[in-house]
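Read through the structure below, which is laid out as structure tokens, and then see the notes.
Each value in this text was obtained by applying a stated rule to the coordinates, not by laboratory testing. Predicted model, so just to flag it, every value in this text is computed and none were measured. Cβ atoms come from the backbone with ideal geometry, glycine included; neighbour counts cover every protein chain shown.
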Amino acid sequence: MVLSIIRRNARRRVCVILSPRPVDLTVKDYGSHFREVYNDVSEYTKRPNGEVDNNEVIRRMLTPFTEKPKWVTDIRQDIAEKWFSKPDRLFEADGSHFKSIASTYIKLIAHDWTTLLDGLNLPRDRYQFYTDEDSMEKISPGMRHQGHSPDYIWVFREEDASVEALKERLDVALKSNDGEERERLILGVWNDYIQVKDGKRRASNQADIVLPFDQLIEEENALREEKRTAAEKIYGLLHRKDAGPRAAIGGPFTEALKWVENDLPMERATTMACYIYGNLNILTNQFNVAVDMYSAWRFLKLVGEKKIHTVLVPTEIIKEKEWRNNKLAKVFENYPRLSELVRGFTKSGELQDATMFDWNTALIDSCPGLLKTKRVRPVLRMMREVGAGKDPEEVDFEGSLEASPKPPTVMLRVEVVRSRGPHYLTMCWTEKGFNGRILKKYHDKIPKMMIEDLTDYHAKGRSSLEKCSFELPPLCARRNLQEHPDPAGSAIIPFPGASNVVNQ
């Protein structure tokens, strides 16, 4: 997502906001034990007809909990003790050590992304990373710590002698069966890597790898006040409303909500969030919603009031078989490290099983006319028991939703709105019998756009972006960003432990 946003907004500064993610280094991920755990849980997760409820098995293995569920007492106790005895760690109010680990993880990822972007010839003055420690008061684990792939291992695939030595130390750390020792060893590797990278930045007089999100908000407020004062002096009034930045959201809505609650404008937002039917989703809530449901709910409720044109990209657009991209081998044929990284997040290790959620979202942001959309509105739901032997039913949630780092107990859904007049929240839509021409157009265009992003085709000639049915907003301000003109605002890209992008 970050690469695509930078490539396709050549005259904009990109601010990448890295949302903190709870990372518990004391627990091992399921890894090669996944099938063993699955088999044992499945013995106690059967429908009335005796068949295994496969989705419920996965849901139990991945859904985070703060109190041990009743079903844990039913399964084989050695499995229960090893994998389900410990509640998932949260960003507790007094969990300063846990919060410190999350902050270290963000620096690690920022340095790794910078290395990847360097390899694709992207100047470092085109983007800046930010993070907000306040987000830890709202963000919860999106899934059990055991269910997360240890994505930080890919940081140490860099072809550098010092990094290769760190990888050997990391391999030893990951094999430790003592949780506290594993955490200590992994953090030692992380901090040594960060120290090496920070030293190189200081030597070349570059800014810190990650800056406070509040600093960006302060700079934005100061810039807008400067523009307002200058305009009043010259014209006596503002002739053009400042539309603000565009946001591409690939994670929680936490920082995007803080942005608009600080009365900063946002022109539009494209976000990977929610689903249409949910039949392809195992977890009760779509991941980016689950990690901070309060912010997702508040932001989606505010888009009408704030007049922010917001497009939701549901999981079906990426997960449905007819949408799966079978041309990724061509996309990555000249980029073996990126190919390895993408394949590492699939169970099969094959590119055709990769779900490129965030990259597709960025491309839809660049070319919004590519897909049909429907008007929608957010709703909160809860499950209600209806009797023995019957599945619980979904009903409206009538209570209030509070910000909390605990996993949500309700569900956020969207409903189609049949109305006329201005409406600011839409969702890309796919359904049975979906227009085949649109699907073909999507499959033809997306791989080409991905190759353009990787090869910097935009700098060499006419790109797919110019053929899309929209225009970038005119530049309305400039910043001293080393010759890079910059419209007012930023591009916000939140990812959990990763990013949200704002185009300024």
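Work from the charge dipole of the chain (Cβ charges, +1 for Lys and Arg, -1 for Asp and Glu, about the Cα centre) and give the residue of P20, G147, L120 farthest towards its positive end.
Value computed over the given set: L120.
Along the positive direction of the dipole of the chain (beta-carbon charges: Lys, Arg +1; Asp, Glu -1; about the Cα centre), which of V163, V414, G251 reaches farthest?
V414
Once you have all Cα-Cα distances for the range 1-150, histogram them in 5 Å bins from zero and send the whole-percent values.
1, 8, 15, 15, 13, 12, 11, 9, 7, 5, 2, 1, 0
When the dipole is taken about the Cα centre of the chain, and only Lys, Arg (+1) and Asp, Glu (-1) are charged at their Cβ, what size is it in debye, to the nearest 20?
Dipole about the Cα centre, nearest 20: 2100 debye.
Work out the charge dipole of the range 324-386 with +1 on the Cβ of Lys and Arg and -1 on the Cβ of Asp and Glu about the Cα centre, then indicate which of V379, V342, N326 is farthest towards its positive end.
V379
Considering only DSSP beta bridges with both partners in the chain, what is the antiparallel share in %, to the nearest 5?
On the way: 23 of 45 bridges.
Of all bridge pairs located within the chain, approximately 50 percent are antiparallel.
If the cut-off is a Cα-Cα distance under 22 Å, which lysines reach K319, setting aside same-chain residues fewer than 8 apart in sequence?
By straight Cα distance, K319 reaches K327, K330, K347, K372, K374, K432, K440, K441, K445, K448.
Under the classification rounded if a/c is under 1.5, otherwise prolate if a/b is larger than b/c and oblate if not, where does the range 64-177 fall, given a ≥ b ≥ c as square roots of the Cα gyration tensor eigenvalues?
Values: a/c = 2.81, a/b = 1.61, b/c = 1.74.
Oblate, since a/c reaches 1.5 and b/c is not below a/b.
Taking other Cβ within 10 Å of each residue's Cβ, how do E452, E43 sort, fewest first? Could you put the intermediate results ahead of the total?
On the way: E452 22, E43 13.
Neighbour counts put them in this order, fewest first: E43, E452.
Counting Lys and Arg as +1 and Asp and Glu as -1, each charge on the Cβ, what is the dipole of the range 1-80 about the Cα centre in debye, to the nearest 20? Don't skip to the answer; put the middle values down first.
Details: 15 positive and 11 negative charges, 206 e Å.
Computed about the Cα centre, the dipole is about 980 debye.
Treat each spin label as a single point 7 Å out from the Cα along the C-beta direction, and report the D74 to V417 distance in nm.
Those two pseudo-labels are separated by 4.2 nm.
What's the extension gain from A161 to N177 if we count 0.36 nm per residue and subtract their Cα-Cα distance? Show your work: numbers first, answer last.
Working: separation 16, 0.36 × 16 = 5.76 nm, distance 2.78 nm.
Extending this stretch completely gives an extra 3.0 nm.
Remind me, relative contact order of the chain in percent, using alpha carbon pairs under 8 angstrom and six or more residues apart? Walk me through the numbers before you get to the answer.
Details: 870 pairs, mean separation 134.2, N = 504.
This gives 27 percent for the chain.
Sum -39500 (n - 2.57) across every DSSP H segment of at least 4 residues in the chain, then divide by the residue count to get the 222 nm mean residue ellipticity, nearest 500.
Numbers: 16 runs with 190 residues, N = 504.
So the helix-based figure for the chain works out to -11500 deg cm²/dmol.
By average Cβ neighbour count within 10 Å, what is the ranking of 58-64, 286-292, 251-257 from highest down?
Values: 58-64: 19.7, 286-292: 25.4, 251-257: 29.6.
Put in order of decreasing packing, that is 251-257, 286-292, 58-64.
Mind pulling the per residue volume of the convex hull built on the Cα atoms of the range 279-379? Å³ is fine. All intermediate terms of the calculation are to be shown ahead of the outcome.
On the way: hull volume 14.5 nm³, N = 101.
Dividing the Cα hull volume of the range 279-379 by its residue count gives 143 Å³.
Please state the shape class of the range 157-208: rounded when a/c is under 1.5, otherwise prolate if a/b exceeds b/c and oblate if not, all from the C-alpha gyration tensor. Write down the numbers at each step before the final one.
Working: a/c = 4.60, a/b = 1.96, b/c = 2.35.
Verdict is oblate for the range 157-208.
Taking the number of other C-beta atoms within 10 Å as the exposure measure, put I79, I139 in order starting with the fewest. Walk me through the numbers before you get to the answer.
Details: I79 18, I139 26.
In order of increasing Cβ crowding within 10 Å: I79, I139.
Residue separation times 0.36 nm, minus the C-alpha to C-alpha distance between D118 and T409: what's the value? If you can, show how the numbers build up before the last one.
Numbers: separation 291, 0.36 × 291 = 104.76 nm, distance 4.20 nm.
Taking 0.36 nm per residue and subtracting the Cα distance, the gain is 100.6 nm.
Using the 10 angstrom Cβ neighbour count as an exposure proxy, how do L280, L25, L122 rank, fewest first? All intermediate terms of the calculation are to be shown ahead of the outcome.
On the way: L280 15, L25 23, L122 18.
By the 10 Å Cβ count, ascending, the order reads L280, L122, L25.
About its Cα centre, how strong a charge dipole does the range 280-435 have in debye, to the nearest 20, once Lys and Arg get +1 and Asp and Glu get -1 at the Cβ?
On the way: 24 positive and 20 negative charges, 100 e Å.
In debye, rounded to 20, the range 280-435 gives about 480.
Would you work out the relative contact order for the range 335-462, in percent, from Cα pairs under 8 angstrom that are 6 or more residues apart? Mind showing how you got there, number by number?
Working: 101 pairs, mean separation 32.4, N = 128.
Relative contact order, the range 335-462: 25 percent.
Which one, [x] -0.36; [y] -0.28; [z] -0.40, gives log10 I(q)/I(0) by the Debye sum over Cα atoms at q = 0.06 Å⁻¹ as derived from the coordinates shown?
Here log10 I(q)/I(0) by the Debye sum over Cα atoms at q = 0.06 Å⁻¹ agrees with entry [y].
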